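The values are calculated or read from the model by the stated rules, or taken from the named source; none is laboratory data. The structure presented is a predicted model; accordingly, all values stated were derived computationally and were not measured. Note that we place each Cβ from the backbone using ideal geometry, even for glycine, and neighbour counts take in every protein chain shown. Note: areas computed on protein heavy atoms with side chains; ligands, DNA, RNA excluded. Shrake-Rupley method; radii C 1.70, N 1.55, O 1.52, S 1.80 Å.
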Amino acid sequence: MLVNGKWTEDWQPVQAKDEKGGFVRQISSFRNWITPNGSAGPSGEAGFAAEAGRYHLYVALICPWASRTLIARRLKKLEDIVSVSVVEPELTDQGWRFGDYPGASRDDLNGATYLHELYTKADDNFTGRATVPVLWDKKCKTIVNNESAEIVRIFNSGFAALADQSVDFYPQALRADIDALNERIYPALNNGVYRAGFATTQLAYGEAYRGVFAMLDELEARLAASPFLLGDQFTEADIRLFVTLVRFDAAYHGLFKCNLRRLAEYPNLSAYLKRVLDIPGVRNTVNIDHIKKGYYSIKSLNPSAIVPDGPDLSDLGL
């Protein structure tokens, strides 16, 4: 963790707890937006205009939040507009590290060894965890945004004609429905698996565990009637759900103690997962080796660092 720009202690997954011993996630700190003309977005300051080659995305392939942004970047055809670097999957005592693990990369842009160096480069007094994703401005040499939900929306609309305008993850007619789904799925499932896995009391764990499977049961019923969450159109809500589902059997079921049922036991959710994986470009954002290697490197949950050989995900082509 960084305190006033200095690394002060070994990386820990839980930095804050509530009164019940439940996991509390850190709020993202950099909240500027890229817009077509550089005007200010819903938060932050103006000055970040959409330009080809100006911005760079830092991600971890194990991380569902970072994977949201990779999917949006791929489907909006921004790969030649926004460059990308991938950290190694294992979480070190100093957090995310750049290197030569297969599928990862070095930081050729800023020359950082650890992701936290980018945070102090952007703010030499930064206090908090250095998280992914990071959307970096090469021109201003700073972090534009490190909130995945906002980066997805930036990629959806902030680059205008530089992106594929035929794809819209947040269409006007569905925005209220998308927002309502996000507000329900995030605490119960997207963050719920973390609340179960990182709980420090039986009470906190039990509440999170029950919420995870109540939401999975609800989604299983919902997806019996339509290919995606809101009918025939693939939206931002699907991106946010998919990144959790694709990690469920590989990590959350075992390591995070969400073991009432495997996702493979839900026929509609399993079919949905395959359907999303078959969208051109999505499968390339999923790296099960990184996912398993990364989650099982969390010392507080797996001190031996042994990575399980299973589960068999061949039915998904993973």
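Could you check region 77-107 and list, in sequence order, the residues that are in contact with an Asp or Glu (Cβ under 6 Å, 6 or more places away or on another chain), part of a loop (DSSP other than H, G, I, E, B) and not charged (D, E, K, R)?
Step one: filter region 77-107 for residues in contact with an Asp or Glu (Cβ under 6 Å, 6 or more places away or on another chain), giving 77, 85, 93, 97-99, 101, 104.
Filter again for part of a loop (DSSP other than H, G, I, E, B), leaving 77, 93, 98-99, 101, 104.
Of everything in region 77-107, those that are in contact with an Asp or Glu (Cβ under 6 Å, 6 or more places away or on another chain), part of a loop (DSSP other than H, G, I, E, B) and not charged (D, E, K, R) turn out to be PHE98, GLY99, TYR101, ALA104.
Out of the helices (runs of 4 or more DSSP H) lying entirely within region 176-258, which hold 3 or more residues that are within 18 Å of the chain's Cα centre (by Cα)?
Values: elements: 192-197, 202-222, 236-247.
Fully inside region 176-258 and qualifying: 192-197, 236-247.
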Legend entry - Single match in LEU241, LEU230, LEU260 (criterion: surrounded by fewer than 18 Cβ atoms within 10 Å (Cβ to Cβ) and either touching a residue at least 24 places away in the same chain (Cβ under 8 Å) or at positive phi (or both)): LEU260
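Here is a yes/no grid of residues against (1) within 30 Å of GLY53 (Cα to Cα); (2) in contact with a Lys or Arg (Cβ under 9 Å, 6 or more places away or on another chain):
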{"position": "LEU135", "(1), (2)": "yes, no"}
{"position": "ARG153", "(1), (2)": "yes, no"}
{"position": "ALA176", "(1), (2)": "no, no"}
{"position": "LEU189", "(1), (2)": "no, no"}
{"position": "THR201", "(1), (2)": "no, yes"}
Inset, instruction - Run SER67 past the list (1) at pLDDT 95 or above; (2) closer than 28 Å to LEU255 by Cβ; (3) of a type outside the set (D, E, K, R); (4) open to solvent by 60 Å² or more (accessible area, probe 1.4 Å) and report the number of the one that doesn't hold. - result: (4)
Legend entry - Pairs with Cβ under 6 Å, 6+ apart, first in region 117-139 and more than 16 Å from PHE98 (Cα to Cα), second charged (D, E, K, R): LYS138/ARG54; LYS139/ARG54
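Give region 1-39 a look and list any residue that's in a loop (DSSP other than H, G, I, E, B) and modelled with pLDDT of 95 or more, or say none. Please lay out each step first, then the result.
Restricting attention to region 1-39, the residues satisfying the condition of being in a loop (DSSP other than H, G, I, E, B) are 1, 4-5, 8-16, 18-22, 24-30, 32-34, 36-39.
Passing the criteria: ASN32, TRP33, ILE34, PRO36, ASN37, GLY38, SER39.
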Inset, instruction - Being part of a helix (DSSP H, G or I), farther than 26 Å from TRP96 by Cα and open to solvent by 10 Å² or more (accessible area, probe 1.4 Å) is the filter here, so list the residues in region 275-299 that pass it. - result: ARG275
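So, TYR272, is that one in contact with a helix residue (DSSP H, G or I) (Cβ under 7 Å, 6 or more places away or on another chain) and surrounded by 21 or more Cβ atoms within 10 Å (Cβ to Cβ) or not? Break it down into steps so the answer makes sense when it comes.
Working: in contact with a helix residue (DSSP H, G or I) (Cβ under 7 Å, 6 or more places away or on another chain): no; surrounded by 21 or more Cβ atoms within 10 Å (Cβ to Cβ): yes.
Answer is no for this residue.
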Legend entry - Any hit, region 124-132, residues being under 20 Å from LYS292 (Cβ atoms), assigned to a loop (DSSP other than H, G, I, E, B) and in contact with a helix residue (DSSP H, G or I) (Cβ under 6 Å, 6 or more places away or on another chain): yes
Inset, instruction - Assess whether ARG195 counts as being open to solvent by 10 Å² or more (accessible area, probe 1.4 Å), in contact with a strand residue (DSSP E or B) (Cβ under 6 Å, 6 or more places away or on another chain) and within 20 Å of LEU241 (Cα to Cα). - result: yes
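Residues ILE151, ILE185: which one is among the hydrophobic types (A, V, I, L, M, F, W, C), modelled with pLDDT of 95 or more, open to solvent by less than 10 Å² (accessible area, probe 1.4 Å) and more than 17 Å from ARG247 (Cβ to Cβ)?
Values: ILE185 fails: more than 17 Å from ARG247 (Cβ to Cβ).
Being among the hydrophobic types (A, V, I, L, M, F, W, C), modelled with pLDDT of 95 or more, open to solvent by less than 10 Å² (accessible area, probe 1.4 Å) and more than 17 Å from ARG247 (Cβ to Cβ) holds for just one of ILE151, ILE185, which is ILE151.
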